[in-house]
Number of protein chains: 2
Amino acid sequence: MPTTTASPFAHLPEPPYYVVIFSSRRSEGDNGYGNMAETMARLASEQPGYLGVESVRDADGFGITNSYWADEESIRAWKAVVSHAAAQKFGRERWYEEYQVRVARVERAYGFAG
Amino acid sequence: MPTTTASPFAHLPEPPYYVVIFSSRRSEGDNGYGNMAETMARLASEQPGYLGVESVRDADGFGITNSYWADEESIRAWKAVVSHAAAQKFGRERWYEEYQVRVARVERAYGFAG
């Protein structure tokens with residue numbers, strides 16, 4: 001596997017904290033998706049309570065983005081930002097065949113790094 | 001995007017339920033990983049309290065697997081199965097450069113399907 005300087009892993013504090021799980025399948029074509037995704041990622045990282053993100057998409061267009069937040073209030077504020085930004089204005093239907101959002105409270109965490 | 005008969009989305013009940021977020025980066029080479037992953041997926045789906053799974057890995061070997069469970073007891077039982085199975089016996093270090101596990105309680109969910 002290639003070694004990259006930017007780790008795809010989020011560096012998170014001890015639980016509890018929150019996660020927004022965004023599972024999606026992209027529609028055909030870019031249609032401004034790349035720009036929007038970049039803007040959204042930047043806006044998210046500037047939000048109060050933002051802890052980090054992990055994101056993967058496969059060649060079939062199915063992806064999972066887990067974004068981590070300090071508390072529910074941070075998530076509500078972020079949702080309001082998204083609602084007023086281009087992502088919502090042009091309709092997510094433009095970029096996604098389907099998406100599912102689950103909001104969850106992380107209660108414990110552990111890991112391994114070689 | 002290709003249309004497949006098997007949807008990558010999990011079909012889940014109304015919250016609350018639990019999610020085990022498994023973020024990982026694969027080591028080089030298969031070394032039995034494919035067989036192990038297949039066996040683990042089958043064993044998970046046979047466990048009491050298993051609700052579903054969503055899983056993606058990119059070309060760089062970074063992946064996210066979110067598995068969904070009815071309650072914490074189901075997760076503990078599943079963890080015991082994993083611990084006694086090959087995945088643990090041979091050491092996850094064989095297959096992963098790094099992994100992080102977060103266990104969370106899903107509190108609300110919504111989505112869109114075109």
Exercise. Extension gain A:Glu93-A:Glu14, at 0.36 nm per residue separation less the Cα-Cα distance, in nm?
Worked result: 24.8 nm
For this session: Rounded to the nearest 500, what is the 222 nm mean residue ellipticity of chain A from helices alone, with -39500 (n - 2.57) per DSSP H run of 4+ residues and division by all residues?
Result: -8000 deg cm²/dmol
Problem set entry | Charge dipole magnitude, Cβ of K and R +1, D and E -1 - chain B, Cα centre, debye nearest 20 | 160 debye
For this session: For A:Ser45, place a label point 7 Å out from Cα along the Cα→Cβ vector, do the same in each other copy, and report the separations in nm, one decimal, smallest first.
Result: 3.8
Exercise. For the range B:1-79, what is the accessible area per residue in Å², given a 1.4 Å probe and the full set of protein chains?
Worked result: 50 Å²
Exercise. Copy-to-copy spacing for A:Gly61, label 7 Å out on the Cα-to-C-beta vector, in nm, shortest first?
Worked result: 3.0
Exercise. Hey, got the dipole for the protein assembly as shown? About the Cα centre, +1 on K and R Cβ, -1 on D and E Cβ, debye to the nearest 20?
Worked result: 180 debye
Seminar exercise, completed: With the dipole of chain B defined by +1 on each Lys or Arg Cβ and -1 on each Asp or Glu Cβ, the option from B:Val53, B:Leu12, B:Tyr33 whose Cα lies farthest towards the positive pole is B:Tyr33
Problem set entry | Gain upon complete extension [B:Ser7, B:Lys79; 0.36 nm per residue less C-alpha separation] | 23.3 nm
For this session: Take the Cβ-Cβ distance between B:Gln47 and A:Asp60 as r, set R0 to 30 Å, and report the resulting FRET efficiency rounded to the nearest 0.05.
Result: 0.65
For this session: Would you kindly work out, in nm and rounded to one decimal, the distances from the label point of B:Ala6 to those of the same position in each other copy, ordered shortest first, with label points 7 Å along Cα-to-Cβ?
Result: 3.2
Problem set entry | ³J(HN,Hα) computed for each position of the range A:56-61 - Karplus, 6.51 cos²θ - 1.76 cosθ + 1.60, integer Hz, glycine/proline x | 9, 9, 9, 5, 7, x
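Counting Lys and Arg as +1 and Asp and Glu as -1, each charge on the Cβ, what is the dipole of the range B:18-79 about the Cα centre in debye, to the nearest 20?
With Lys and Arg at +1 and Asp and Glu at -1, about 100 debye.
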Exercise. Which value in nm describes the separation of the simple spin-label points at A:Asp30 and B:Asn35, placed 7 Å from the Cα toward the beta carbon?
Worked result: 4.4 nm
For this session: Could you give the C-alpha radius of gyration of the range B:17-106 expressed as a fraction of 2.2 N^0.38 Å, taking N as the number of residues it contains?
Result: 1.04
Exercise. What number, in percent, do you get for the relative contact order of chain B if the mean sequence gap of Cα pairs under 8 Å and at least 6 apart is divided by its residue count?
Worked result: 44 percent
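The values are calculated or read from the model by the stated rules, or taken from the named source; none is laboratory data. Please read these numbers as outputs of a predicted model, since none were measured by experiment. No Cβ is skipped: glycine too gets one built from the backbone with ideal geometry, and neighbour counts run over all protein chains shown. These accessible areas exclude ligands, DNA and RNA; they are computed on the full protein's heavy atoms, side chains included. Shrake-Rupley method; radii C 1.70, N 1.55, O 1.52, S 1.80 Å.
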